[in-house]
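Below: one structure, written as structure tokens.
The values are calculated or read from the model by the stated rules, or taken from the named source; none is laboratory data. Nothing here was measured: the structure is a model prediction, and the numbers come from that model. When we count neighbours, we look across all protein chains shown, and the Cβ atoms used for this are built from the backbone with ideal geometry, even at glycine. Note: areas computed on protein heavy atoms with side chains; ligands, DNA, RNA excluded. Shrake-Rupley method; radii C 1.70, N 1.55, O 1.52, S 1.80 Å.
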Amino acid sequence: MKIQKRDGRIVPYEEEKIIAAIHKANNEVAEEHRAEEGIIEQILEDVQAEDKSKLTVEHIQDMIEARLVEHNKYTLAKKYIVYRYQRSLLRKSNTTDESILKLIRNENKELAEENSNKNTRLASTQRDYIAGEVSRDVTRRLLLPEHISLAHENGVIHFHDADYFIQPIFNCCLINIKDMLENGFSINGKLMESPKSFQVACTVTAQIIAAVGSNQYGGQSVNVKHLGKYLRKSKEKFTAQIEEELGAELDAATKAKIVHMRLQDELRSGVQTIQYQINTLMTTNGQSPFVTLFLHIDEEDEYVEETVQIIEEILRQRIKGTKNEKGVYVTPAFPKLVYVLDENNCLKGGRYDYVTKLAAQCSAKRMYPDYISAKKMRENYEGGVFSCMGCRSFLSPWKDENGEYKWEGRFNQGVVSLNLPQIGILAKGDEEVFWKLLDERLELCYEALMCRHKALLGVVSDVSPIHWQYGAIARLKKGEKIDKYLFGGYSTISLGYIGIYETTYLMKGCSHTTPEGKAFALRVMDHMKDAAARWKEETGIGFSLYGTPAETLCYRFARIDREKFGVIKNVTDKGYYTNSYHVDVREPIDAFEKFKFESEFQNKSLGGAISYVEIPHIMNNLEALEELIKFIYDNVQYGEFNTKSDYCQECGYDGEMEINDNLEWECPQCHNKDHARMNVTRRTCGYLGENFWNTGKTQEIKSRVLHL
């Protein structure tokens, strides 16, 4: 017989522990109230008589209490009940001590690797992590139903961002930067009026980004086209100044030249302000703001020419990079860049193709921007072209009271992800069992997501004035509740999923790239999509299916399942699960086929979808990169690029790096040691930190081999 502990562990049955527990209770009462050895033996016999392969600890304890009462041992039974209650309280106390101490001693490697944008050695970051550990603990023990907590711990689902659940804040958003810049706002009680120049607008935008990032836990996105108006204001200001100061002395051409020079200087300074402010400011959660700049050349915008100038400057500065503390130009982590491909710039003879060629050069050197196809997005979202939020989740279409589509000023309430391969493991190829388990676990996800939703109900605007009172999301009054923005599809709430490939292999014995596997995988996608649609219909809440970038979740689910079920070929043996619907990286498929194949899954995952391909030695394959960018426009809503080659950002060497005698990576051409390998960003699982290779050269190199 086995015993299931409260934490889910299965251990052998040991009757000595029952005897010890009753003897301990006996010692706490007078002799006439104690249980004799005969009673104890009867209790043991009753447990054995259950004749089950597995009993829970709680069931055995219930039996002991019942037998003591049957033998009129009421005082002893009461003492045993009190003892049991005290043990329960003890289990619910002091649960964060060790994890916090490990964090302070920098021994918590899981936390250190969880978010590569945070340095766990910094006091400011540790403060946020300490608060996060408390939040995670309180969430697990008190805020979530026990079965949801257990499902998370056992890798059935993943309740994202439990380290922030204790707070009344949401996930990610599209900032309504247009409203904030035009109508002003307040930070720390100080009024910020509408800017009169591009430089000031950029400074103010950076301040908005930092304030927003400090009051939510996910990413944010800003559409840079709204800065075009302020670049024109600067031009008008410079023109008036030159006319007033030198109007009678200079001809028109000379005055225009001076205005152009001043404007270009302002443009460079403004963009540099955004880039450096974002990378030097720290939000209150101990990291740079997780922000994405949306680069869309919208010809219906009256400031489109100014927008094009801003986008060009952003790309030029990103190609150049930013200097680290040693003066070496490196790729900044933020802001992320997302570039829109439209009819006017999709490399088919459009007016702005030259901007896209600059974007391709930037992708080749700095791995960004990512690319959105306006064509595919209009097909999928009723005509809308808008940015993903910082975490790459997408909004659903929503119209305001005037019947106009609204994208900016909306947000995501939170995410819960489903471990699909675990269902496949348990089903053992039986589809009837698979669909039954899938439905049961989707209901678990629904319950967990409703916990997210209910945590935001009743929240008042005062919790984050930058969001709710000053325009990032809304212009509510002080004390006003945010509830109306949680319903009707204004905000989304996301069902994530991991491992379509592994699940298909478990159920069909083949990849989802085969005809049989693809048919099954699309059925799974439709089933999840339909569940989210049904929840939305029943509740009025904007549920959506989200192909999450997953970060470390691909590894967490695989690790848990390997511990539970052992090594399974093509499933747990890899050490990771494949992200969402992605093709497994070992599949023999070229970049164009991969994009085309995954596009059929993207339009079923409209709460968030992303596909990537690898281009070996990307700096030497610019022509291939441009062909893929052109392909994205016609075939893929969201695409990005990766490379397998090392690349030195200082001298441009594109080849393997070396390890010197000091165990440092070093470029063999220019001997740059700091960022010779920075450009090799691995995005299979969303991990954006330092990458390691186990070269076998020395045992001293600590290697965490990330799957390419």
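Can you tell me which residue within the stretch 525-577, out of those that are of a type in the set (Asp, Glu) and in a loop (DSSP other than H, G, I, E, B), is nearest to residue 503 (Cα to Cα)?
Residue satisfying both the conditions and the ranking: 573.
Taking residue 317, is it in a helix (DSSP H, G or I), open to solvent by 20 Å² or more (accessible area, probe 1.4 Å) and in contact (Cβ under 8 Å) with a residue 24 or more places away in the chain?
For residue 317, the condition - in a helix (DSSP H, G or I), open to solvent by 20 Å² or more (accessible area, probe 1.4 Å) and in contact (Cβ under 8 Å) with a residue 24 or more places away in the chain - is met.
Across the stretch 392-423, what is the total count of residues that are farther than 21 Å from residue 159 by Cβ and either part of a helix (DSSP H, G or I) or open to solvent by 30 Å² or more (accessible area, probe 1.4 Å) (or both)?
12
When the stretch 486-520 is examined, which residues are found to be open to solvent by less than 10 Å² (accessible area, probe 1.4 Å), under 30 Å from residue 407 (Cβ atoms) and either free of Cβ contacts under 8 Å to residues at least 60 places away in the same chain or in a helix (DSSP H, G or I) (or both)?
Scanning the stretch 486-520 gives 486, 500.
Against the definition (open to solvent by 50 Å² or more (accessible area, probe 1.4 Å) and closer than 25 Å to residue 454 by Cβ), how does residue 600 come out, yes or no?
No, not satisfied.
Say we look at the stretch 366-391 and pick out the residues that are aliphatic (A, V, I, L, M) and in a loop (DSSP other than H, G, I, E, B); which of these is nearest to the chain's Cα centre (by Cα)?
Selected residue: 389.
Counting only residues that are at pLDDT 65 or above, give me the helices (runs of 4 or more DSSP H) lying completely in the stretch 1-115 with at least 3 of them.
Qualifying helices (runs of 4 or more DSSP H): 15-26, 37-49, 57-70, 74-91.
Which condition number does residue 550 fail, the rest of (1) open to solvent by 60 Å² or more (accessible area, probe 1.4 Å); (2) aliphatic (A, V, I, L, M); (3) on the phi > 0 side of the Ramachandran plot being met?
(1)
Please go through the stretch 464-485 and give me each residue that is in contact (Cβ under 8 Å) with a residue 60 or more places away in the chain, in a helix (DSSP H, G or I) and buried (at least 23 other Cβ atoms within 10 Å of the Cβ), ordered by number.
Within the stretch 464-485, 466, 467 meet the criteria.
Looking at residue 593 and the list (1) of a type in the set (Asp, Glu); (2) in a helix (DSSP H, G or I); (3) touching a helix residue (DSSP H, G or I) at 6+ places or on another chain (Cβ under 7 Å), which single condition is not satisfied?
(3)
Out of the stretch 16-43, which residues are exposed (fewer than 14 other Cβ atoms within 10 Å of the Cβ) and more than 15 Å from residue 73 (Cβ to Cβ)?
Residues satisfying the conditions are 16, 17, 20.
Regarding the stretch 210-228, can at least one residue be identified that is closer than 24 Å to residue 280 by Cα, aromatic (Phe, Trp, Tyr) and at pLDDT 95 or above?
No, the stretch 210-228 contains no residue that is closer than 24 Å to residue 280 by Cα, aromatic (Phe, Trp, Tyr) and at pLDDT 95 or above.
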